[in-house]
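Step one of this worksheet: look at the structure below.
The values are calculated or read from the model by the stated rules, or taken from the named source; none is laboratory data. These numbers come from a predicted model, not from an experiment. Note that we place each Cβ from the backbone using ideal geometry, even for glycine, and neighbour counts take in every protein chain shown.
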Amino acid sequence: MTRPLVAWAAMVATSMVVVLALSLFLQYGGPIAAHSHSEHEDLADGPAQSTASRSAEARSKSRTRVYYIAADTVKWDYAPTGRNQITGRPFDEVADTYVKNGPDRIGSIYYKSLYREYTDASFRHLKPRPRSEAYLGLLGPVIRAEVGDTIKVVFRNNTPYPASVHPHGVFYGKDAEGAPYNDGTRGRNKDDDAVAPGKTHTYIWQVPERAGPGPMDPSTVLWMYHGHVDEPRDTNSGLIGPMIIGRHGSLGADGTPKGVDREFIALFTVFNENESWYLDRNIRTFTRDPKSVDPEDEDFQESNLMHSINGYVYGNQPMMTMKRGERVRWYLMAIGTEVDLHTPHWHGNTVVMNGMRTDVAELLPMSMKVADMVTDNPGIWLFHCHVNDHIVAGMITRFEVEE
Ligand SMILES: [Cu+2]
């Protein structure tokens, strides 16, 4: 062989090895798939299957997943137990900066706009959240789908302000983007932008391949949906929720991923209540002497920075509970501004993210991350942001691994 031919043959051989290694990796997936009893399902769904047969299957089994979600005005308590559950003691002076009510302080309770799930289009009955999901706190309902599906969100705005639902990742047209701006559209393509108080709008989103996990992802990925009429104000007011999308065929009948025993979702953010739609109402309602409040005062503004996980401070979140040896999938997200760089840290157990081992994740505003844990260490463990200022201000909670 001539030299160029030898080089060419070597290149072909190398790339074949790479392709083989990559397809093996993809078929057997991340750390959780490797433990899974459902390897055959994973294999059948892997990239080895032809695109044509996969899309034919997707067409035959795809479903429409319908959610009835309202934006409601809710009185939200960041510290419902009234104690610092991390120390097991009453709040100290530093914690009181944020949670103590006073003549010119709002305290731990604020009116907020939250997404909540209802049973049907009448929007009369809230869909009860099981006890095991109480830890989700102020997050909107978990929207679940897999590649090939369609998501239909019937949205009712029960708040006194215009509101919308803007999704990440899924495929939406200009009639389902949920964000008003100068995009050259008009008519019904504007109806989704800002739903007026008391009005209803139906958002329809497709879930194509590019909304599902990429080659390096586990079987599901995290997206978010949030208010985008006035994005900073809407999200500080509380309009945010998670969306979990799986590979085609990766979800069980209940919409959760096969081969995963438990999932937890955690939103790390400093809710800036000074930027909420409800600031004036919160001052009027919750301070003991509203006239004495100076909204421009720096200490007052600091007292309204709620360093929270799912809307809870100082360990007030209901305990996230799992068992030893379980395959646990964590979904991490953040919103906010320059102060919202968060580093969630698990004590006692470790995770794999992007194929790498760690016990600390990195989040920036609007980050969405997935981490897989196989619990091997029983006990009650801290789960907290590792930014020092944030620890002190209450961005700290616990999880329990039962024996
Ligand atoms: Cu933080």
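Quick rundown of the values:
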read-out: Residue match in the range 183-191 (condition: in contact with a helix residue (DSSP H, G or I) (Cβ under 9 Å, 6 or more places away or on another chain) and modelled with pLDDT under 95); value: yes
read-out: Residue tally, condition farther than 18 Å from G88 by Cβ, within 21 Å of the chain's Cα centre (by Cα) and small (G, A, S), over the range 366-403; value: 2
read-out: Close pairs from the range 387-399: first over 19 Å from V99 (Cα atoms), partner outside any loop (DSSP other than H, G, I, E, B) and near the ligand (Cβ under 10 Å from one of its atoms), Cβ under 8 Å, at least 6 apart; value: V387/H342
read-out: Test: T375 is closer than 22 Å to T97 by Cβ, at pLDDT 95 or above, among the β-branched types (V, I, T) and surrounded by 18 or more Cβ atoms within 10 Å (Cβ to Cβ); value: no
read-out: Members of the range 301-351 that are among the β-branched types (V, I, T) and more than 16 Å from the ligand (Cβ to nearest atom); value: T321, V328, T350, V351
read-out: All positions within the range 141-177 that are of a type in the set (V, I, T), assigned to a loop (DSSP other than H, G, I, E, B) and surrounded by fewer than 21 Cβ atoms within 10 Å (Cβ to Cβ); value: V142
read-out: Residue in the range 195-205 that is crowded, with 21+ Cβ neighbours inside 10 Å, farther than 30 Å from A393 by Cα and among the hydroxyl-bearing types (S, T, Y) present; value: yes
read-out: Scan of the range 101-126 for residues that are free of Cβ contacts under 8 Å to residues at least 24 places away in the same chain and not in a strand (DSSP E or B), ordered by number; value: S122, R124, H125
read-out: Odd one out for S303 among (1) out of contact with any Ser or Thr (no Cβ under 7 Å at 6 or more places or on another chain); (2) buried (at least 18 other Cβ atoms within 10 Å of the Cβ); (3) among the polar types (S, T, N, Q); value: (1)
read-out: Members of the range 249-307 that are more than 18 Å from the chain's Cα centre (by Cα) and β-branched (V, I, T); value: I283, T285, T287, V293
read-out: Test result for L363, modelled with pLDDT of 95 or more, near the ligand (Cβ under 10 Å from one of its atoms) and either of a type outside the set (V, I, T) or closer than 21 Å to E93 by Cβ (or both); value: yes
read-out: Where V351 falls short, out of the listed (1) free of Cβ contacts under 8 Å to residues at least 40 places away in the same chain; (2) farther than 24 Å from K258 by Cβ; (3) β-branched (V, I, T); value: (2)
read-out: Count - residues of the range 369-403 that are part of a loop (DSSP other than H, G, I, E, B), of a type in the set (V, I, T) and either within 11 Å of the ligand (Cβ to nearest atom) or in contact with a Ser or Thr (Cβ under 6 Å, 6 or more places away or on another chain) (or both); value: 1
read-out: Unique residue being out of contact with any strand residue (DSSP E or B) (no Cβ under 7 Å at 6 or more places or on another chain) and at negative phi when the list is D372, D376; value: D376
read-out: Residue satisfying condition, being assigned by TED's automatic domain parsing to the domain that holds M333, in contact (Cβ under 8 Å) with a residue 40 or more places away in the chain and of a type outside the set (D, E), within set G214, G148; value: G148
read-out: Residue in the range 306-325 that is aliphatic (A, V, I, L, M), surrounded by fewer than 18 Cβ atoms within 10 Å (Cβ to Cβ), assigned by TED's automatic domain parsing to the domain that holds Y110 and without any contact (Cβ under 8 Å) to a residue 24 or more places away in the chain present; value: no
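Table: residues versus (1) part of a loop (DSSP other than H, G, I, E, B); (2) of a type in the set (V, I, T).
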{"position": "V74", "(1), (2)": "no, yes"}
{"position": "G82", "(1), (2)": "yes, no"}
{"position": "V94", "(1), (2)": "no, yes"}
{"position": "P128", "(1), (2)": "yes, no"}
{"position": "S132", "(1), (2)": "no, no"}
{"position": "L139", "(1), (2)": "yes, no"}
